[in-house]
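Down below is the structure, laid out as structure tokens.
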Amino acid sequence: MIRVQGLTKHYGPVVALEGVSFEIGRGEVVGFLGPNGAGKTTTMKILTGYLHPDRGGAEVAGHSVLREPLSVKRQIGYLPESTPLYAEMRVDHYLDFAGAVRGIAAAGRKGALDRVVGACALEGVMKKQVGELSRGYRQRVGLAQALLHDPPILILDEPTSGLDPNQIVEIRGLIARLGREKTILLSTHILPEVRETCRRVLIIHRGRIVADGTPDSLAAGQRDETTLYVTVRGAGAAGVLSGVPGVRRVEPLGTEDGRERLRLRVASDAPVEEAVFDAAVARGWKVLEMRRETATLEDVFRRLTTES
Amino acid sequence: MARSLVLARRELRAYFDSPIAYIFLVVFLALSSYFFFFQIQGFFLVGQATMRIYFEILPYLLLFVVPALTMRLWAEERRAGTEELLLTFPVRPFEIVAGKFLAAFALVALTLLLSLPLAFQVAALGPLDWGPVVGGLLGGALLGASYLAFGMFVSSLTRNQIVAFILTLVGLLFFVSVGSTPVLARAPAGLAPFLEALDLETHFKAIARGVLDLRDLFFYLTFIGFFLYLNAAALAWRRWR
């Protein structure tokens with residue numbers, strides 16, 4: 001649905017994007033991560049036709065962003081960063097305007113409005129001025145506006161920023177429901193959010209894509225070695241366990257009341273836990289704790305976006 | 001074009017949802033009436049049933065109130081970030097420009113029509129020649145539209161409303177004085193006819209006499225079209241920032 005090729009964009013001497021390429025298939029929900037200023041918003045602004053790239057191009061639903069901007073804009077529902085809205089307008093007037101400007105005929109507008117108002121739970125605030133609304137409601141009005149024409153593609157720039165935890169859960173739920181039928185590209189700083197709502201993650205840093213995959217594969221794919229913490233009751237465990245297949249190194253952490261605590265460096269693709277358990281049982285030891293530490297998305301993010 | 005009307009309707013609603021439209025109407029009518037009746041060479045002193053004085057001050061009155069109307073048209077959108085919404089709707093830049101222009105023009109036209117009661121009042125006092133009145137209103141509409149087109153373009157270049165107001169005022173002062181006698185007297189001889197043709201007020205005076213020359217009409221429409229086009233071009237160009 002979205003194909004981005006070699007996007008490059010400079011703001012004066014500042015490099016915003018440096019050859020960004022990726023593809024997003026129909027129905028994918030993709031989280032776009034990166035530190036502030038990494039190029040997330042710029043990429044989204046180019047996809048929605050607000051900015052021109054210096055080099056490279058993008059296709060949305062088969063239409064070129066540069067040559068057929070109107071066709072592209074019809075396919076996209078866009079929630080810009082910080083949700084700009086006409087503060088002096090009433091919510092119902094604003095949504096009606098957004099529908100009309102998108103070319104929804106007056107007859108169909110009522111139905112479209114009812115649909116998005118229901119989906120975004122805006123029933124109670126329709127007669128209020130947009131400027132009077134809380135941050136959460138404004139965000140929902142922005143989302144409702146993006147959904148009015150039932151676009152196949154949603155581009156959401158930090159849809160949960162500035163919301164309180166309850167509101168975040170609500171918006172996240174809404175996005176998850178929308179993700180069942182739409183292609184979504186959403187940017188965020190909140191990493192747990194990505195794990196919950198996105199099946200795929202793109203990490204951008206200094207204008208380049210530095211990682212692309214499912215949250216789990218990114219976390220797991222960090223190194224081929226992970227750490228296994230083991231506590232057993234039994235003598236000489238360190239020596240025995242270093243012979244278990246898949247274990248590369250054993251580091252004793254100390255003994256306490258006959259319980260031996262060990263840190264095992266193991267191959268991340270080997271079923272080491274079972275072998276350790278069998279070895280312990282064969283010698284009559286008791287396994288008190290066994291815990292594998294996997295790299296989290298946070299680790300991946302920090303590692304990829306802090307090194308230069 | 002249908003999109004332009006949708007945008008114009010939103011813009012007009014914004015005028016009337018905020019105090020802008022009312023302040024604009026009241027200030028315009030109050031000032032025009034004040035100058036009409038109490039100016040040094042005012043209506044009561046002239047002692048004739050004529051609207052001539054009204055149409056003499058009209059270009060200068062519009063000169064000050066129109067920039068107040070246009071200064072926010074783009075500057076406010078850019079400040080609030082709503083420009084991004086507008087430009088990511090499936091509409092062409094020119095359709096947006098036309099929509100904003102139509103809304104502002106509707107307000108100016110309404111204001112001019114609201115000065116009609118003044119003409120009726122004068123007509124009740126003596127025989128009023130309606131030709132210059134109709135010509136003056138038409139000329140005022142064209143002049144106002146030209147001011148609007150210029151002011152909107154200036155507004156699209158800045159996010160600060162005050163800057164937009166002042167630059168528009170300075171620019172319009174240039175366009176109403178470039179063909180005035182003191183300027184023409186000092187201008188190189190070859191340039192004078194050109195400068196006179198460029199002057200917005202010269203054409204207004206011609207129409208306000210009650211004679212509609214197609215060349216005057218053509219001048220205004222070209223002026224308006226030119227700045228609306230520049231406005232749309234500025235929007236398109238800004239995407240390359």
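Quick look at the values:
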quantity	calculated
Given (1) more than 9 Å from chain B (Cβ to nearest Cβ); (2) in contact with a Gly (Cβ under 7 Å, 6 or more places away or on another chain); (3) among the hydrophobic types (A, V, I, L, M, F, W, C), number of the condition residue A:87 does not satisfy	(1)
Hits in the range B:11-54 - residues which are over 19 Å from the mean Cα position of the chain (by Cα), surrounded by fewer than 15 Cβ atoms within 10 Å (Cβ to Cβ) and among the small types (Gly, Ala, Ser)	B:18, B:42, B:47
Criterion (free of Cβ contacts under 8 Å to residues at least 40 places away in the same chain, surrounded by fewer than 18 Cβ atoms within 10 Å (Cβ to Cβ) and closer than 29 Å to residue A:195 by Cα) met by exactly one of A:28, A:23	A:23
Subset of the range A:255-301 [of a type in the set (Lys, Arg) and either over 29 Å from residue A:31 (Cβ atoms) or surrounded by 13 or more Cβ atoms within 10 Å (Cβ to Cβ) (or both)]	A:259, A:261, A:263, A:265, A:283, A:286, A:292
Meets criteria (touching a residue at least 40 places away in the same chain (Cβ under 8 Å), of a type outside the set (S, T, N, Q) and more than 10 Å from every other protein chain (Cβ to nearest Cβ)) for residue A:80	no
Scan of the range A:92-117 for residues that are in contact (Cβ under 8 Å) with a residue 40 or more places away in the chain and of a type in the set (Asp, Glu), ordered by number	none
Looking only at the range B:1-41, and only at residues there that are of a type in the set (Val, Ile, Thr) and part of a helix (DSSP H, G or I), the one that is nearest to the other protein chains (Cβ to nearest Cβ)	B:6
Qualifying residue in the range B:177-187 (condition: in contact (Cβ under 8 Å) with a residue 24 or more places away in the chain and surrounded by 19 or more Cβ atoms within 10 Å (Cβ to Cβ))	no
Members of the range A:39-77 that are buried (at least 22 other Cβ atoms within 10 Å of the Cβ) and aliphatic (A, V, I, L, M)	A:44, A:46, A:47, A:51, A:58, A:60, A:65, A:72, A:76
Boolean, residue B:167 is surrounded by 15 or more Cβ atoms within 10 Å (Cβ to Cβ), within 14 Å of another protein chain (Cβ to nearest Cβ), among the hydrophobic types (A, V, I, L, M, F, W, C) and not in a loop (DSSP other than H, G, I, E, B)	no
Any helices (runs of 4 or more DSSP H) falling wholly within the range B:68-145 and containing at least 3 residues that are within 14 Å of another protein chain (Cβ to nearest Cβ) and in contact (Cβ under 8 Å) with a residue 40 or more places away in the chain	B:93-113
Residues being touching a Lys or Arg at 6+ places or on another chain (Cβ under 9 Å) and more than 9 Å from chain B (Cβ to nearest Cβ) - total across the range A:98-111	1
Top-ranked residue in the range B:210-241 [being loosely packed, with under 14 Cβ neighbours inside 10 Å and not aliphatic (A, V, I, L, M); ranked as nearest to the other protein chains (Cβ to nearest Cβ)]	B:240
All strands (runs of 3 or more DSSP E) inside the range A:161-217 with 3 or more residues being of a type in the set (Lys, Arg) and assigned by TED's automatic domain parsing to the domain that holds residue A:28	none
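The values are calculated or read from the model by the stated rules, or taken from the named source; none is laboratory data. From a predicted model like this one, the values you see are computed outputs, not experimental measurements. FYI the Cβ positions are ideal-geometry reconstructions off the backbone, even for glycines, and counts take in every protein chain you see.
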